[in-house]
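The values are calculated or read from the model by the stated rules, or taken from the named source; none is laboratory data. Everything numeric here is computed off the predicted structure, so don't read it as measured data. Backbone-built Cβ (ideal geometry, glycine too); neighbour counts: all protein chains shown. In case anyone asks, the SASA skips ligands and DNA or RNA and just uses the protein heavy atoms, side chains included. Shrake-Rupley method; radii C 1.70, N 1.55, O 1.52, S 1.80 Å.
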Amino acid sequence: MTDSDIPASARRTTVQQSSPTLFSAVGRSYFPVAFVARMPFAMIVVGVLTLVVAGRGSLSLGGINSAMVGLGTALFGSFIGAAADRWGQRYVLLIAGILNCLALTFMAWVVFSPLPDFVVFIAAFAIGATSPQVAPMSRSRIVDIVMSVLPLSRRPKVLNATMAYESAADEVIFVFGPFLVGLLATVFTPVAPIIGAIVMTLVFVSAFALHPTGRARSTGTSSKHGERAPVKDMFTAGVFVIILGVFGVGMVFGSTLTALTALTNDIGRPEEAGLIYGVMGIGSAVLAISVVLFPSAFALWARLLCFAPVLVTGSVILASTESMPIIVIALLLMGTGIGPSLVTLFSLAAERAPFGRSATVMSMAGSAIIVGQSVSSAINGILAEDRGTAVAMTVPVAASVIVLCAGLLNLFVGRRRDRNDDKRSRRRVTEVEEEI
């Protein structure tokens, strides 16, 4: 029997069965290790806030230190991603992990020392500046593996499914992280979350760095040549709207948790804030995973414009009630909007990352989450203390509107990109016709 005697459908099935899958390419241990390795990153803002409030006795000082963590991440997060693009993730992550553990150790000591507050600010800034960018680097690894190993016909579906999983993992981590901080601080001491972050960084971030998938440098997906795209290609309107949208999502995380903490404190049950906040994460994670079921005709720009208004609606309901059942419904609605929105934003980041700059762009987006969380936590902590809970409950509305604005701007940017692509195509056709 020759190949011509085999039906075409059977040949396609044989090729698909023999071609590599994402799981065979990354190995069974990759996803569990990458999941836990991002936990310290989600714990540091709330962990620093809890530690400083306990050690220095000031909520506003704790909020400022949380903002310093975000500032350090904002200034150095993209440089860590750029270093990974240039020298590979393995060594960059190992060095960043060690420096971050040293910064966390210094923070645990200096808070209870007689040193002035500005030294505590320096420690908080150092924690943010050295935070290992596990989540964006995981996305960068997956994008590179999918685009280089998998067959062309399977790449879009697998990439969409993986971005959905990565965003759902972020949702779970950024909800469970503050919950774990509160649990450790309550059961043990306020220093316990910092110690926990140190241990997880040493074990799981190191394991993530040493994983076989961390050997290669990011190659990107947008070019066939070996040279990386210039730095200026990252500073485009298309990348800016992604960063703005992810920043808004981070603000939703931070402002919602702070507002709920103020609300539950008012009713005498502050320990319930983390549990109530987790409701948003449940809906968000479920919807984020469900994105894989969306048809390809449901374009990314349309997804963002569909789910961002749902997020705004939920935040408005949250700000307009004090009834706990309605608050739970509002949080579920917010989760329904925020999960697919975050998946879409990171899918756009993967699509628009210039060649060889994948880890950098992903780190910029990942840093935007922690910056938004830090800024909104600091602002809302001050507002809750000075203006009351009712004012603090309005901040998630403003944060949600930022995500919606990013969706609208993305529509404009996308159409402009399409027009430019059409112009380039027509110009190329004209040049070919003139040559003929």
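Brief remarks follow.
- Qualifying residue in segment 341-349 (condition: surrounded by fewer than 19 Cβ atoms within 10 Å (Cβ to Cβ), of a type outside the set (Ser, Thr, Tyr) and modelled with pLDDT of 85 or more): no
- Just one residue in the set 103, 126 is more than 24 Å from residue 352 (Cβ to Cβ), in contact (Cβ under 8 Å) with a residue 12 or more places away in the chain and open to solvent by 30 Å² or more (accessible area, probe 1.4 Å); that residue is 126.
- Hey, residue 379 of a type in the set (Val, Ile, Thr), within 23 Å of residue 241 (Cβ to Cβ) and surrounded by 24 or more Cβ atoms within 10 Å (Cβ to Cβ) or not: no
- Residue ID - least open to solvent (accessible area, probe 1.4 Å), chosen from residues in segment 324-340 that are farther than 18 Å from residue 267 by Cα and either assigned by the TED database to the domain that holds residue 161 or without any contact (Cβ under 8 Å) to a residue 40 or more places away in the chain (or both): 330
- Output for segment 144-178, where each listed residue is buried (at least 21 other Cβ atoms within 10 Å of the Cβ), within 15 Å of the chain's Cα centre (by Cα) and among the β-branched types (Val, Ile, Thr): 162, 173, 175
- If you check 11, 86 for being part of a helix (DSSP H, G or I), of a type in the set (Lys, Arg) and either modelled with pLDDT of 90 or more or in the same structural domain as residue 183 (by the TED database) (or both), only one passes: 86.
- Residues that are open to solvent by less than 50 Å² (accessible area, probe 1.4 Å) and assigned to a loop (DSSP other than H, G, I, E, B) were ranked within segment 21-52; the one that is modelled with the highest pLDDT is 38.
- Candidates 187, 191, 205, 181: the one that is in the same structural domain as residue 98 (by the TED database), more than 11 Å from residue 39 (Cα to Cα) and either among the acidic types (Asp, Glu) or open to solvent by less than 40 Å² (accessible area, probe 1.4 Å) (or both) is 191.
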